[in-house]
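All of the numbers you see were taken from the coordinates with simple rules; none came from a lab. Note that the coordinates shown come from a computational prediction; the quantities given were computed from them, not determined experimentally. All Cβ positions, glycine included, derive from the backbone under ideal geometry; neighbour counts span all protein chains shown.
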Amino acid sequence: MLDKALVGNRSYWGWLLCLLVLIAVGGLCYLRQLQEGLGITGLSRDVSWGLYIGQFTFFVGVAASAVMVVLPYYLHDVKAFGKITLLGEFLAVAAVVMCMLFILVDMGQPSRVLNVLLHPTPHSLMFWDMLSLSGYLLINLVAGWVMLQTEATGLPAPGWIKPLVLLSIPWAISIHTVTAFLYSGLAGRSLWFTAVLAPRFLASAFASGPALLILLCLLLRRCTSFDAGREAIGKLATIVTYALAANLFLLGVELFTAFYSGMPEHLESFTLLFSGGGLAPLMWLALAAALAAFAILLVPRWRGNEKLLATAAIMIFGSLWAEKGIGLIVGGFDPSPLGRVSAYTPTFPEVAIVAAIWATGALLVTLCYKILVAVRAAD
Amino acid sequence: MKLTRKNFLRLAVGGAIAACSGALTRTVRGQGLVGTQPQTDDGVRFGMVIDLQKCRREAGCSLCRQACHQAHNVPEIPDPQHAVKWIWNEPAAKVFPAAGESFSARTLPEQLPILCNHCQHPACVRVCPTQATWKRGDGVVMMDYHRCIGCRYCMAACPYGSRSFNFEDPRPYLLKPNPDFPTRTIGVVEKCNFCEERLAAGKGPACAAACPQGALVFGDLSDSASAPRQLLEGRFAIQRRPELGCGPSIFYLV
């Protein structure tokens, strides 16, 4: 089946070439980082995690959101999602691979990564994160590939595939919960030290992932013969609406606790995030985009208009990317344990490495979707 | 049961799962799920009392820092954001922010030395995915520079900012390398080791030895006759952020 990815028109190959160039540039920057250390990034002793870990956190959410097409289809028999469950699963595969790469490039000594398995440490959430992410990758890869093969050959799916897909549902919830626990278990970081972090992570994941899926469906219809159908896209839009509402609600809950109680520690990080620190303009922009997109989604007539829906989906994806992929992680380090507020500005090599990992994810999605579309077109 | 290929695979997979889960339960049981090892296996808890009435009588004194950084090959990196620190001075208002607003006479000096707190329940040890940082039976929180993968989770977890990461190669910044102590490479985390190399030789920490006022008093906190315990009995002492539950072993005498 892999050979189907090797047949394409000029724009297909042009797109792949662009991605490969981005990967090559980022790869060279990463070689420099290996040589000179993480000092070539904008990270510092006060803001010791930045873009890499922020992107990791955001894309765990994108990966987990595959459950939002798998669950309705397999548990509630929502037939409209039959055509797009595989899109969700392959998106999850690409997103998990991106997450693993983000962790790897963030390590000071990446050659020692297997120490995590050599010295298994159950009291570290990082250990559980590694287990849950690799398990999730395996489940989605196997389930996606086997289902695609049954479509290609026309043979019935093997009996064990359904239990595997059902297992992926709680597993998806677990990957993002464990990722939230990485942060919410740290008593010294008041922005993260909140029980609502894991629910908030899930809510923003179930908004940003399906928003991306909507965009991918619209793109596939424009560029290929694949049409997800109006009903599937409409249902995805409904899911995004509910998830975004939940996310905004949970943000409000956080802000209430911080500002009504007036506890200096809780107050300080939120105040810095939204007014004092360098991230404030981005945070306000993200909030405005989320509210505007929410308004579009609330009105059924606007939500049904595909141009408006695409605009809303872009705004939601961008907004939640800024909120979670940057604000939450970088903001968690302000102020430092010694009360310092440091500016964090990513450097060129750092951004190039991040772009290369995005390109790797896009490459995987492109190849998987290309095979999928070719298989469906052959039917 | 007939040994068909299907049955063989079933047995193999079942056996592998059983072996894995066995190994997992063993590690979970052995280490405690939340890092609750017995505090002091050998009945010793090393700690330090810093007498703020004696510390920094000379303005700008940093003899403890110099002695420590010289002994442990801590580099002098000019970029403050990449700096590596084991013991250093910070404004008192930053170290004890809660003591900031008070109408009583100033009880804290402008600046005071801080170092790793060698906590009873260290957050860094709890989060480290490779046990590259661990707590010894005598309470010293140790660091293995050769096992550390440089994920910096310990830096996010430490509520005291006591940990430093080698963002750059530290060796060019060593003015007078000490051949008796290892230097570090890029990409690993480090911090104060309570001079475990001197403790092994029966000596106290270098910072305490270097202080002309004797402001830093090191000893066994579990021994009521030890020097730090004697000091703590007579005077009021504070710890950094005790409400977080880490149980710092560094006490500041007010």
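What the table below lists for this structure:
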quantity: Rounded Å value of the spacing that divides the Cα centres of segment B:63-82 and segment A:201-238; calculated: 54
quantity: Rounded, prolate or oblate (a/c below 1.5 giving rounded, otherwise prolate when a/b exceeds b/c) for chain A by Cα gyration tensor; calculated: prolate
quantity: Residue of A:T257, A:T177, A:T85 that the Gaussian network model of chain A assigns the largest fluctuation, springs spanning Cα pairs under 10 Å; calculated: A:T257
quantity: Stretch gain in nm, segment A:L255-A:L338, where the contour uses 0.36 nm per residue and the Cα spacing is subtracted; calculated: 27.5 nm
quantity: Rounded, prolate or oblate (a/c below 1.5 giving rounded, otherwise prolate when a/b exceeds b/c) for segment B:46-172 by Cα gyration tensor; calculated: prolate
quantity: Average Cα contact separation per residue, chain A, under 8 Å, 6 or more apart, as relative contact order %; calculated: 31
quantity: Within a Gaussian network of chain A (alpha carbon springs, distance under 10 Å), most fluctuating of A:G276, A:G26, A:G159; calculated: A:G159
quantity: Amide H contacts under 5 Å for B:M48, placed H, 5+ residues apart; calculated: B:I250, B:F251
quantity: Ranked A:M130, A:M68, criterion: other C-beta atoms within 10 Å, fewest first; calculated: A:M130, A:M68
quantity: Helix axis angle, A:67-76 relative to chain A longest principal axis, alpha carbon, degrees; calculated: 50
quantity: Relative contact order computed over segment A:132-274 (Cα-Cα under 8 Å; 6+ residues apart), in percent; calculated: 19
quantity: The protein assembly as shown, helix-only ellipticity at 222 nm - DSSP H runs n ≥ 4, -39,500 (n - 2.57), divided by all residues, nearest 500; calculated: -17500 deg cm²/dmol
quantity: Packing-based exposure ordering (other Cβ within 10 Å, fewest first) of B:H121, B:H72; calculated: B:H121, B:H72
quantity: Computed FRET value (nearest 0.05) for A:W284 with A:L215, which takes r as the C-beta separation and R₀ as 22 Å; calculated: 0.35
quantity: Helix A:280-298 vs. chain A, principal-axis angle (Cα, 0 to 90°, nearest 10); calculated: 40
quantity: Relative contact order %, segment A:54-204, counting alpha carbon pairs below 8 Å whose residues are six or more apart; calculated: 27
quantity: Spin-label model distance (nm) - A:N9 vs A:I173, 7 Å beyond Cα toward Cβ; calculated: 4.4
quantity: Alpha-carbon centroids, segment A:307-379 and segment B:227-242: separation in whole Å; calculated: 49
quantity: Two-site label geometry, A:S111 and A:A195: point separation in nm, points 7 Å out along Cα→Cβ; calculated: 4.6
quantity: For segment A:245-379: rounded, prolate or oblate by the Cα gyration tensor [a/c cutoff 1.5]; calculated: oblate
quantity: In order through segment B:215-228: 3J(HN,Hα) via Karplus (6.51 cos²θ - 1.76 cosθ + 1.60), integer Hz, x for Gly, Pro; calculated: 6, 9, 10, 9, x, 8, 6, 8, 9, 5, 8, 6, 4, x
quantity: Gain in span if fully extended, A:A355 to A:L118, counting 0.36 nm per residue against the direct Cα distance; calculated: 82.2 nm
quantity: Whole-Å semi-axes of segment A:34-188's equivalent ellipsoid (Cα gyration tensor); calculated: 33, 16, 15
quantity: Formal net charge of residues neighbouring A:L251 (Cβ-Cβ distance under 14 Å; K, R +1; D, E -1); calculated: 0
quantity: Protection-proxy order for peptides A:114-124, B:143-153, each taking the mean of Cβ atoms within 10 Å per residue, highest first; calculated: B:143-153, A:114-124
quantity: Helix A:161-184 axis, angle to chain A major axis (alpha carbon atoms, nearest 10°); calculated: 10
quantity: Point-to-point label distance, A:L308-B:K203, nm (Cα→Cβ direction, 7 Å offset); calculated: 7.7
quantity: 13 Å beta-carbon shell around A:K235, net charge (K/R +1, D/E -1); calculated: +2
quantity: Scaled radius of gyration (Cα, divided by 2.2 N^0.38 Å) that the protein assembly as shown gives; calculated: 1.07
